[in-house]
Amino acid sequence: MKALTFSTFGDSNVLEYIEIPNPQLKNDEILIEMKAIGLNFADVYRRKGNYHLKGNPPFIAGYEGAGIVVDANNHSEYKVGDRVAFADAPFANAELVAVNINHVLPLPEKISFETAASVLLQGLTAHYLATDSHKTVKGETVLIHAVAGGVGQILTQISKLLGVTVIGLTSSAEKAKVGFDQGADHVFLYSDDWKSQVFKIASNGIDVVYDSIGSTLKESFEVTKECGQVVFFGMAGGDPEPVDPRMLMDGSKTLTGGDLWSYLNSKEERIKRATQLFNWIIEGKIKLSEPTSFKLSEGKLAHDFLESRKSTGKIILIP
């Protein structure tokens, strides 16, 4: 089979599209012929050598995608030809992927391979943020950093579904429009005095701030109301300053960490959460922007485009 690989760490020039042996199935795995693969910043970090990485050189990144079963390996719940997807199985950047049976997600006929590869990781992240990290209550006001990003777009839509006022933050007028298109009630630019703008809308502060930037964590707490919450789930802008627990005590504020893998902890949880996400899409309650597609053989171009930060929607790879 062909796969997008790297044998040393570095910039996109280390990527090689090469022929490697087909996966050897373990007893608890089935074989999937990939039709679409999601590209994420975590794959860039893996290529650079600063994120968890499985296997041996030549390494294969990618954890998200969709395709059809080509070897069910005696697992009766799946048969050859079944449409399936996954959000947390390694080595996705290949024509064939061996996936643990507990990580396989049945794919409804109304969800395309491209949609599944576009939505699972970011959509499931948005889902747990709005329903687990913070149990969203109708009438609240929430603040979403990087509102035009992949998670931000879906988190905005889920938050609106749950009946809250959404304030978004982003870096440009173009990206602000994306935030409004997703249903955000207000969008402010980081270059503006966004904190004072937030207090004009929520004079007592924000119920929950979703912070994926990291370096903004102190400011996130400054706009959070007493008894409010900050959910910290990424460091796209760099490491946060240390948090003084006395500040938390004085304002009765809560800091919550968020990581998707903590919630995708069983076959049942994966299928339940993905089914909810797929149903929202099928019902038209969540709308996705068209992904930007690259051939898997054009992986270098896809990585370069992702790192340019010019993209607002999802980037997918097509074998």
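Here are the numbers for this structure:
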item: Residue count, the range 244-262 (criterion: open to solvent by less than 50 Å² (accessible area, probe 1.4 Å), within 27 Å of Y45 (Cα to Cα) and part of a loop (DSSP other than H, G, I, E, B)); result: 1
item: Count - residues of the range 209-247 that are of a type in the set (V, I, T) and over 22 Å from I154 (Cβ atoms); result: 3
item: Matching residues, the range 152-164, being assigned to a helix (DSSP H, G or I), of a type in the set (A, V, I, L, M) and in contact with a strand residue (DSSP E or B) (Cβ under 8 Å, 6 or more places away or on another chain); result: L155
item: Flag if G183 is open to solvent by 20 Å² or more (accessible area, probe 1.4 Å) and in contact (Cβ under 8 Å) with a residue 12 or more places away in the chain; result: yes
item: Filtered residue count, the range 155-175, keeping only those that are open to solvent by less than 10 Å² (accessible area, probe 1.4 Å) and among the hydrophobic types (A, V, I, L, M, F, W, C); result: 6
item: Members of the range 101-138 found to be open to solvent by 40 Å² or more (accessible area, probe 1.4 Å) and in a strand (DSSP E or B), listed by number; result: P106
item: Residue check for V151: of a type outside the set (G, A, S), in contact with a His (Cβ under 8 Å, 6 or more places away or on another chain) and either under 27 Å from L39 (Cα atoms) or touching a residue at least 12 places away in the same chain (Cβ under 8 Å) (or both); result: no
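The values are calculated or read from the model by the stated rules, or taken from the named source; none is laboratory data. Being a predicted model, the structure only gives us computed values, none of them experimental. Glycine gets a Cβ as well: all are built from the backbone with ideal geometry, and neighbour counts include every protein chain shown. Please note that ligands, DNA and RNA were not included when accessible areas were found on the heavy atoms of the full protein model with its side chains. Shrake-Rupley method; radii C 1.70, N 1.55, O 1.52, S 1.80 Å.
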